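What follows is one structure encoded as structure tokens, with my remarks underneath.
The values are calculated or read from the model by the stated rules, or taken from the named source; none is laboratory data. For clarity, every value in this text was computed on a predicted model and none was experimentally measured. Ideal geometry is used to build each Cβ from the backbone, glycine not excepted, and the neighbour counts take in all protein chains shown.
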Amino acid sequence: MIVRSAGKRLNRRSCVCLSPCGGAVPRPSTPEHIADPWGARTPYARGETWPERVDAVLEDGLSDDEVDRWVQTASLLHSNGDAMDIAVRNGRIAGVRGRAGDRVNRGRLDPKDAYAWQANASPDRLTRPLVRQYGRLSEADWDTAMSLVVDKARHHLDGQGPSALGFYTTGQLFLEEYYALSLIVRGGIGSSHLDGNTRLCTATAATALKESFACDGQPGSYTDIDHADTIALFGHNVAETQPVLWMRMLDRLNGPNPPALVCVDPRSTPVAEHATVHVAPLPGTNMALVNALLHELIENGWYDRDYVDAHTVGFDELKSTVENYPPERAAEICDVPAEQIRQAARIIGTAERLLSTVLQGFYQSNQATAAAVGVNNIHIIRGMLGKPGAGVLQMNGQPTAQNTRETGADGDLPGFRNWANDAHVAELADIWNVEPKQIPHYAEPTHAMQILRYAEQGSIRFLWITGTNPAVSLPELGRIRSILEQERLFVVVQDLYLTETAQLADVVLPAATWGEKTGTFTNTDRTVHLSEKAVEPPGEARADLDILLDFAQRLDLRDKDGEPLVPWSDAESVFEAWKSCSAGRPCDYSGLSYEKLRGGSGIQWPCNDEHPDGTERLYEDGRFFADPDYCETYGHDLVTGTTMEPTEYRALNPSGRALIRAAHYQPPHEPTDRTYPFLLTTGRTIFHFHTRTKTGRTPELQAAEPDVWVEMSAGDADSCGFSEGELLEIGTPRGSIVARLRIGTTRDGVMFLPFHYGYWDTPGGHEPDGPGRAANELTPTDWDPASKQPIFKVSAARVRRAPRSGTERRAHDAESGREER
């Protein structure tokens, strides 16, 4: 069927607002994809193919036959990788439709897919470079802007060396752009200071896979939903973060022989409402819960001893560890009923085909990697890997997060190579035609939180930020603003709009986006899609790849033979080079091409001579990418983050088996007390993505969730005397914000804030008077020791009614705090 919907705070630096925010296309008040975000059900039975359902949204009054052409792409606003076509009319984007034959979405679109294309035409798009002069950002030409950027980079390279330059990228570029960036920074400049905002959403996914299998790469496939008899979601509100994936689950749940559903989440989400059992642990206690589940699996013999003996190392240590976590002990730590833990364990332990997914409820919480590895342990000891319906998906949060990891644009080397393996570094140096010493590998690549710390301390003097908004998305925002505002730090921001971060920059470079450039991107289950250019970018905006190639040329980066280090001229030539770099590695793209990706469906890597049509699942034969000479990592201590030495790894795992890793529960670093009696957790909502740079400029999405809100349980609201819709002030040791109260879906003792909202009322608007509205004003500068992912989910907090004016607020603060709870 066709579904149609009508469609700074500033210190030394001042800002320029190019134009007011607004939507390009007027819309009715209740569009269909907002009122019913998951759409009509198409039920199907276990083992059947998910039925097609084609969703489409066009401009008001436009029919299919009036579209000039349809251009292939996929979604840019979540990690699901929904395949779509862009409708082009008179040289501009006029709508989208799902691609019926694609393996990922079978034609469906989520609300962000359906409407966010309008943000491309937002009147406040950046169309010319901006350069800070006399404290103000002013328009400049490209030569002026790029000359300044290159002069500053060269100055710091000559004066201090590569360690003076840092690069912080996004999870929303194309594979080709990440690979070019990786070559420029690691192979050309020689800096280890390159990471992405994928550190905030997918670092634990990558690390958990590497700790269990010694290499990145999702074992499972989305088609496992079609075959599973049990689905367990750990900290994964799939209904709001990957709505089309939830549609697939809903269609199984509404069909014959539906799967059992286990939900682990402190909130009563739409997933929890459909669950067979919903376990709602206190934030920060996931490790105790997973250990209790493993305790029950082992205690009851719900594991595959033959598989464990043949394909794993570390089982005895796991058994010894989880003996300490009977359900009664975990129930006390997590504040959930012990019988509920037993019920969840029984469902998981007796499943014939178990699919598990994990996301931010684990990744951004206390002991993130250890807890996510615990979910891997469930699958390893049960032998639930590599067969239809039996797999684990350590989910990503962003559309191209997988590509940052593959290409080395985060804390990895390209092709899942091991930075601690000299042979891997030498191989990469040969591919790039540079000396091995040019590629920094004296220690692990610098993670994002450390890059900001180096900038704070003054050793990084030049910071290039691409396609991300850390002035809203990073923790402890007061600190982040103070870092970016430093006179000694030269900040380059490459983006679509004048975001909160761009307003703090010294140079702002206008970039093209999805639909305005060509490239590939890879979703959570390793499916590679091609996104083709549909329209021209506005004004003088340029594709991110073109900006990077211009930078490399102006910086005159050379290989060891004196030839240009970065020889490419377009995206397809970069892709062909990437194929050679990935060949023979786990993420092998050598069998792919732009032509092969055109039409039809996306294709899963590895795709090569052995697997010309791609590979649906990894590890089906019990063989892993874990051989000491081949593996991507030698691993870390899950508690301290200490890296394992190569000799240790060889002694532990000489034959390259799956690694069963154990860890004891440790309490969160910031406990509640009388002053801060609540646990604050943050997260996402279905209608917005990250810091709303696109969704906040989309009329339907902005109207659906226009402002920040705080969620409390009915019991907590009643005990505090609060009513629905009241304006509350939420505080932590780092500051406070104000938000309207919603009552209902979180457990007692926990408050929830969506993190999407910056300190502007609307994108391009003004700073509010008094406390702000960004959740990350409140979150701590703290991260997981293994994955280095920030801990956004566990903060001690207080709440009180928000004073109505500055005078009232000061008087209120002077009181004894009788309204604080």
- Selection count where residues are crowded, with 17+ Cβ neighbours inside 10 Å and over 20 Å from Asp412 (Cβ atoms), scope the stretch 593-606: 4
- What residue, among those in the stretch 120-145 that are small (Gly, Ala, Ser) and assigned to a loop (DSSP other than H, G, I, E, B), is nearest to Glu32 (Cα to Cα)? Ser122
- Message: So, Gly196, is that one surrounded by fewer than 18 Cβ atoms within 10 Å (Cβ to Cβ), modelled with pLDDT of 95 or more, in the same structural domain as Pro414 (by TED's automatic domain parsing) and closer than 24 Å to Gly411 by Cα or not?
- Response: no
- Item | Residue tally, condition of a type in the set (S, T, N, Q), touching a helix residue (DSSP H, G or I) at 6+ places or on another chain (Cβ under 9 Å), under 23 Å from Glu620 (Cα atoms) and assigned to a loop (DSSP other than H, G, I, E, B), over the stretch 183-227 | 1
- Task: For His664, indicate whether it is assigned to a loop (DSSP other than H, G, I, E, B), under 30 Å from Asn324 (Cα atoms), under 24 Å from the mean Cα position of the chain (by Cα) and not hydroxyl-bearing (Ser, Thr, Tyr).
- Result: no
- Query: Does the stretch 277-302 hold any residues that are in a loop (DSSP other than H, G, I, E, B), farther than 25 Å from Gly361 by Cβ and of a type outside the set (Gly, Ala, Ser), and which are they?
  - Reply: Asn300
- Residue match in the stretch 298-305 (condition: on the phi > 0 side of the Ramachandran plot and assigned by TED's automatic domain parsing to the domain that holds Ser221): yes
- Among the residues of the stretch 33-58, how many are buried (at least 20 other Cβ atoms within 10 Å of the Cβ) and acidic (Asp, Glu)? 1
- Message: Can you find a residue that is modelled with pLDDT under 95 and in a loop (DSSP other than H, G, I, E, B) anywhere in the stretch 777-795?
- Response: no
- Message: Checking the structure you have, find out if any residue of the stretch 524-534 is in a loop (DSSP other than H, G, I, E, B), assigned by TED's automatic domain parsing to the domain that holds Ala448, surrounded by 24 or more Cβ atoms within 10 Å (Cβ to Cβ) and among the charged types (D, E, K, R).
- Response: yes
- Query: Quick check, is Gly696 small (Gly, Ala, Ser) and crowded, with 23+ Cβ neighbours inside 10 Å?
  - Reply: yes
- For Trp117, the lone unmet condition from (1) assigned to a strand (DSSP E or B); (2) under 18 Å from Gln398 (Cα atoms); (3) aromatic (Phe, Trp, Tyr) is (1)
- Restricting attention to the stretch 560-576, which residues are surrounded by fewer than 19 Cβ atoms within 10 Å (Cβ to Cβ), under 28 Å from Pro606 (Cβ atoms) and touching a Leu at 6+ places or on another chain (Cβ under 9 Å)? Ser569, Asp570
- Task: May I ask you to say which residue of Ala420, Ala426, Ala448 is of a type in the set (A, V, I, L, M), within 25 Å of Leu175 (Cα to Cα) and touching a His at 6+ places or on another chain (Cβ under 8 Å)?
- Result: Ala420
- Filtering the stretch 463-480 down to residues that are among the small types (Gly, Ala, Ser) and over 17 Å from Thr404 (Cα atoms), which residue is surrounded by the fewest Cβ atoms within 10 Å (Cβ to Cβ)? Gly478
- Message: Looking for something closer than 27 Å to Tyr497 by Cβ, assigned to a strand (DSSP E or B) and out of contact with any His (no Cβ under 7 Å at 6 or more places or on another chain) - is there at least one such residue anywhere in the stretch 693-709?
- Response: yes
- Scan (1) assigned to a strand (DSSP E or B); (2) on the phi > 0 side of the Ramachandran plot; (3) of a type outside the set (Ser, Thr, Tyr) for the single condition Leu393 breaks and write down its number. (2)
- Some residue of the stretch 166-180 being in the same structural domain as Arg405 (by TED's automatic domain parsing) and surrounded by fewer than 24 Cβ atoms within 10 Å (Cβ to Cβ): no
- Kindly indicate the residue of the stretch 206-240 that is closer than 20 Å to Thr312 by Cα and among the hydrophobic types (A, V, I, L, M, F, W, C) and also surrounded by the fewest Cβ atoms within 10 Å (Cβ to Cβ) among those meeting that condition. Cys215
- Message: I'm checking my understanding of the structure. Among residues of the stretch 664-681 that are buried (at least 23 other Cβ atoms within 10 Å of the Cβ) and touching a Leu at 6+ places or on another chain (Cβ under 7 Å), which one is nearest to Asp495 (Cα to Cα)?
- Response: Leu680
- Item | Single residue of the stretch 329-368 satisfying the filter (of a type in the set (Val, Ile, Thr) and either farther than 23 Å from Phe792 by Cα or touching an Asp or Glu at 6+ places or on another chain (Cβ under 7 Å) (or both)) that is surrounded by the fewest Cβ atoms within 10 Å (Cβ to Cβ) | Thr350
- In the stretch 548-569, which residues are part of a helix (DSSP H, G or I) and of a type in the set (D, E, K, R)? Asp550, Arg554
- Message: What pairs come out if I take residues in the stretch 392-420 that are under 16 Å from Phe167 (Cα atoms) and pair them with residues that are of a type in the set (Phe, Trp, Tyr) and in a loop (DSSP other than H, G, I, E, B) whose C-beta lies under 6 Å away, six or more apart or interchain?
- Response: Leu413/Trp419
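Conditions (1) surrounded by fewer than 15 Cβ atoms within 10 Å (Cβ to Cβ); (2) under 28 Å from the mean Cα position of the chain (by Cα); (3) among the charged types (D, E, K, R); (4) closer than 26 Å to Gly166 by Cβ, marked per residue:
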{"site": "Leu109", "(1), (2), (3), (4)": "no, yes, no, no"}
{"site": "Asp113", "(1), (2), (3), (4)": "no, yes, yes, no"}
{"site": "Gln118", "(1), (2), (3), (4)": "no, yes, no, no"}
{"site": "Ser122", "(1), (2), (3), (4)": "no, yes, no, no"}
{"site": "Arg125", "(1), (2), (3), (4)": "no, yes, yes, no"}
{"site": "Arg136", "(1), (2), (3), (4)": "yes, no, yes, yes"}
{"site": "Trp142", "(1), (2), (3), (4)": "no, no, no, yes"}
{"site": "Ala145", "(1), (2), (3), (4)": "no, no, no, yes"}
{"site": "Val150", "(1), (2), (3), (4)": "no, no, no, yes"}
- helices (runs of 4 or more DSSP H) fully within the stretch 321-371 counting 3 or more residues that are of a type in the set (A, V, I, L, M) and more than 21 Å from Val238 (Cβ to Cβ): 327-334, 338-349
